[in-house]
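Take a look at the structure set out below.
The values are calculated or read from the model by the stated rules, or taken from the named source; none is laboratory data. It should be emphasised that the depicted structure is a prediction, and the values quoted were computed from it without experimental measurement. Note: ideal-geometry Cβ built from the backbone for every residue, glycine included; neighbour counts use all protein chains shown.
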Amino acid sequence: MAPVEGIPDVITSSEAIPKAAPEVTDKVVTQIKHYFSDASLNHDEFLCKGIAKDDGWVSFEVLARFNRLRQLMGLPDTSRAGKGNKKSQAVPVKDVIAQLSTIVKEGIKEDDPLEIKEDNTAIRRKEAYTPSDEWFSNTVHVKGLPYGKEWSGMIDKLTEFFNKKGEVVLLRLRRNPKSKAFKGNLLVEYATKDQAEATAKDDELVFEENKLETTMLPAYHDEKLAADEFIQPELRKPGASYPTFEEWCVAHGREPPAPLQNDKTKNKPAEKEPEFEVVPGVLVQFTGVNDDISIPQLKEAFGALGDVKFVEHEKDEENGIVRFKEPVPKDFAEKNPELKIGDAVLKLKLVEGEEEKAFFERARQASVNARANKRTSHHNGGNRNKRYRK
């Protein structure tokens, strides 16, 4: 698992770094063993590059950058360090590294698969890592958990749940590539193919009142491939070739994502007046939004039902409208009467007739007003309208 972020020269904390309790040592050492396991390294490009250098040694300075280890050690989240914390004090990063190396030295046993460098600055596997493709056939794809909902200890609890069918060697949460939100889907890798198949065949799995849908990863991959869908990296068969997302978009007649430009004014084409027309069947109304649901969450959740052009939702309102890029079937709302996002259950309804015409007229007028304001105003730090669109 690659580090989410590097640590600064000092870490702020309301207290000095506590002495590690035995249970903390056990958790930290278990996590490090996991990082160096075959199952984890099969998907960890960052650490694989690390063990390819210096005869397999990975320094504690590098491991100290892993957020998960800092959490297990009881250290603060560095992304929030010093924010509104008047009692915070600076802790030198060298002390963090020293504590981590001490914990590992105390916790690693002679018969463990890892060894510590003589100067206590690094750790490595005793046996060299050899990449394997077996994980693909030993993995189950799981659907059915709430979109965007995560909590502390979630992975541990899920691992305990799936361990009832066999030995889970790796459990991965599938995330949206852009927002990084949890998609409600998992990849559960077992020690053997038989154990994975036993889970995939169980159609009565329920985790915390969520009915789960399980499929062997090779079968799920082939279904996606047969449907001519883009195959996300975590679903790809080892050794096979796949197009990039940009290449896939071009091949399917879709507009690829626009590249980021440092100079937004360079070679900027002349603006054209937008053309508005009523496009039947692209609007779906939703109700039941709570304060915890954001526009990006709405867009990503509806993205599972079709390509979303934008979502219109006014803050503090329970309802809104999603516009898809292509018309949806007439029976869309019948087949998809509800959409679950976290704890909320949204009711869906196809927008038709006069409501549909009124929406497009409102959109046309809003665009005209926005362009007029742009021509007559200076930069003021952003859009101040209450309506949010993305």
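Quick notes on this structure:
- Filter pass, D222 being loosely packed, with under 14 Cβ neighbours inside 10 Å, outside any helix (DSSP H, G or I) and not small (G, A, S): no
- Of all residues in the stretch 43-68, those satisfying the criterion of being at pLDDT below 90, under 13 Å from V96 (Cβ atoms) and not small (G, A, S) are R65, F66, N67.
- In the stretch 50-66, residue surrounded by the fewest Cβ atoms within 10 Å (Cβ to Cβ) [restricted to those that are among the small types (G, A, S) and without any contact (Cβ under 8 Å) to a residue 40 or more places away in the chain]: A52
- Yes/no for K164 being surrounded by fewer than 13 Cβ atoms within 10 Å (Cβ to Cβ) and modelled with pLDDT under 90: no
- Where L186 falls short, out of the listed (1) more than 30 Å from L235 (Cβ to Cβ); (2) in contact with a strand residue (DSSP E or B) (Cβ under 6 Å, 6 or more places away or on another chain); (3) hydrophobic (A, V, I, L, M, F, W, C): (1)
- The number of residues in the stretch 19-30 being without any contact (Cβ under 8 Å) to a residue 60 or more places away in the chain and either in contact with a strand residue (DSSP E or B) (Cβ under 8 Å, 6 or more places away or on another chain) or surrounded by fewer than 17 Cβ atoms within 10 Å (Cβ to Cβ) (or both) comes to 5.
- Residue satisfying all of: in the stretch 167-180; out of contact with any helix residue (DSSP H, G or I) (no Cβ under 6 Å at 6 or more places or on another chain) and assigned to a loop (DSSP other than H, G, I, E, B); modelled with the highest pLDDT among these: E167
- Yes/no for V351 being loosely packed, with under 15 Cβ neighbours inside 10 Å, among the aliphatic types (A, V, I, L, M) and not assigned by TED's automatic domain parsing to the domain that holds G148: no
- Matching entry among E189, E197, E208 (being loosely packed, with under 13 Cβ neighbours inside 10 Å and of a type in the set (D, E, K, R)): E208
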